[in-house]
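The values are calculated or read from the model by the stated rules, or taken from the named source; none is laboratory data. What you see is a predicted model; the values in this text were computed from it and never measured. Positions of Cβ are backbone-derived with ideal geometry, glycine not excepted, and every protein chain shown enters the neighbour counts.
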């Protein structure tokens, strides 16, 4: 296969390397100039946790801190409605807090701004690909944001930044006009979903989007109005009624770190204490869903999409997340030859993957429905509780396992994510090695050092079935309520 970057299909020749560098520099200068001089701050280079910087930098007035510290989006809207806060006050407060966030970490990992950093520890990743949104919201520079998710890109940064997030099923929320890579790949589709510091933010966003009747503007968006009965969990026994949750502790591909197991146990014990039923989730062909179907679909074009996009500007493609390398060093064919050896699939081969994916989805649906024989509610399990990733926020370049999130993209289930706890070296001690499932599993095991991960957030997924956005939001509320009571009872907050 020709390893040279192809020209833009429109016929425009690739720009030279100096051209994109100059434009990147101009963009960085523009960003710097957009921050008023009186709003600029400095942070010591040896400071890694910057969560408290907004309170210490003397930039925000007390009212502005009060506004930006208000986690519930419905409270912000109510105070705007009643005139307690003016639109100017709220806008200015979040502008100022967002500029604090921008001055403590980069926007994303790219050839323009560099790498996104996690505000809980700048040495750790904020996750991706919606990591810029995650870091901004974690710093409360915004009460609500939108991420994209094709394999976990809403849920992973939400978990690593201590946020709430929702990955809807395909075509429930509009996507038309959004810019992304892999456009035209509709086998495992990317979706847009909300990220917030509160569960109320997710509900307000979701209902507002659905109530706007987006199917009148996006031809792929399904015609499905907000279902209040679903949000009241009528098919799941009703709000507050006994539910059955299945715990997916270990996907059989990569075993989670000790603090993730602790978070799972906290959720299990909290749900039991709240009167719910809890059973174990039996894994079902997880490796087939990810490695044999999803991954092959993502690579079906032989990497052509990425090469053509980079050819438009002439910039090198970032081929690794190694923290010791910078973007100008990453474009090295000698060390990244494998990238150029991907052979595209034929149309027939892609069709076979579609058939296999369809059968796997049917098998997984049957597997879920069959759990009715294991519950005492007379229903299949109401939701699955699962890690989002097998670790807390990792050191830069070490976030290598999307298995716990991408599984649900493959079967197109609605998934929420909510914060549960933080890594505590006093209790999250390393455990003896197990029989490793793979090289990835071995690498994740040896990555764990409680001092490295100290204080990093951990979130868990709440998984419903396809197009259950309203129900998943409500079940997230029941899990959150149970966890809140459990933490108070056991003095964990």
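Before moving on, here are some points about what is shown:
- Matching residues in the range 401-420 - criterion: being part of a loop (DSSP other than H, G, I, E, B), at pLDDT 95 or above, on the phi < 0 side of the Ramachandran plot and out of contact with any helix residue (DSSP H, G or I) (no Cβ under 6 Å at 6 or more places or on another chain): 413
- Residue 366 fulfils the conditions (1) touching a strand residue (DSSP E or B) at 6+ places or on another chain (Cβ under 6 Å); (2) surrounded by fewer than 15 Cβ atoms within 10 Å (Cβ to Cβ) except for a single criterion, (1).
- Taking the criterion of being over 11 Å from residue 415 (Cα atoms), assigned to a loop (DSSP other than H, G, I, E, B) and touching a helix residue (DSSP H, G or I) at 6+ places or on another chain (Cβ under 9 Å), the residues of the range 439-477 that qualify are 448, 450, 453, 456.
- Checking residue 140 against (1) closer than 29 Å to residue 452 by Cβ; (2) in contact with a strand residue (DSSP E or B) (Cβ under 8 Å, 6 or more places away or on another chain); (3) touching a residue at least 40 places away in the same chain (Cβ under 8 Å), the condition it does not meet: (2)
- Scanning the range 69-99 for residues that are outside any helix (DSSP H, G or I) and either surrounded by fewer than 18 Cβ atoms within 10 Å (Cβ to Cβ) or in contact (Cβ under 8 Å) with a residue 24 or more places away in the chain (or both) turns up 69, 70, 71, 72, 83, 84, 86.
- Meets criteria (over 22 Å from the mean Cα position of the chain (by Cα), farther than 30 Å from residue 430 by Cβ and not in a loop (DSSP other than H, G, I, E, B)) for residue 269: no
- One residue from 56, 66, 29, 61 being over 24 Å from residue 163 (Cα atoms), surrounded by 10 or more Cβ atoms within 10 Å (Cβ to Cβ), at pLDDT 90 or above and more than 26 Å from the chain's Cα centre (by Cα): 61
- Criterion applied to 260, 225 was being touching a strand residue (DSSP E or B) at 6+ places or on another chain (Cβ under 6 Å) and either part of a loop (DSSP other than H, G, I, E, B) or surrounded by 19 or more Cβ atoms within 10 Å (Cβ to Cβ) (or both), and the one residue passing it is 260.
- When residues in the range 292-305 are screened for being touching a helix residue (DSSP H, G or I) at 6+ places or on another chain (Cβ under 9 Å) and either part of a helix (DSSP H, G or I) or modelled with pLDDT under 85 (or both), 7 of them pass.
- Considering 464, 477, the condition of being in contact with a strand residue (DSSP E or B) (Cβ under 7 Å, 6 or more places away or on another chain) and in contact (Cβ under 8 Å) with a residue 40 or more places away in the chain is satisfied by 464 alone.
- Each residue in the range 272-286 was checked for being surrounded by fewer than 16 Cβ atoms within 10 Å (Cβ to Cβ), in a helix (DSSP H, G or I) and touching a residue at least 24 places away in the same chain (Cβ under 8 Å), and 1 of them qualify.
- Residues located in the range 25-55, provided they are under 14 Å from residue 99 (Cα atoms), free of Cβ contacts under 8 Å to residues at least 24 places away in the same chain, out of contact with any helix residue (DSSP H, G or I) (no Cβ under 7 Å at 6 or more places or on another chain) and outside any loop (DSSP other than H, G, I, E, B): 30, 32, 33, 37, 38
Quick grid of which residues meet (1) part of a helix (DSSP H, G or I); (2) more than 21 Å from residue 135 (Cα to Cα):
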| residue | (1), (2) |
| --- | --- |
| 171 | no, yes |
| 175 | no, yes |
| 179 | no, no |
| 183 | no, yes |
| 188 | no, yes |
| 192 | no, no |
| 202 | yes, no |
| 205 | yes, no |
| 210 | yes, yes |
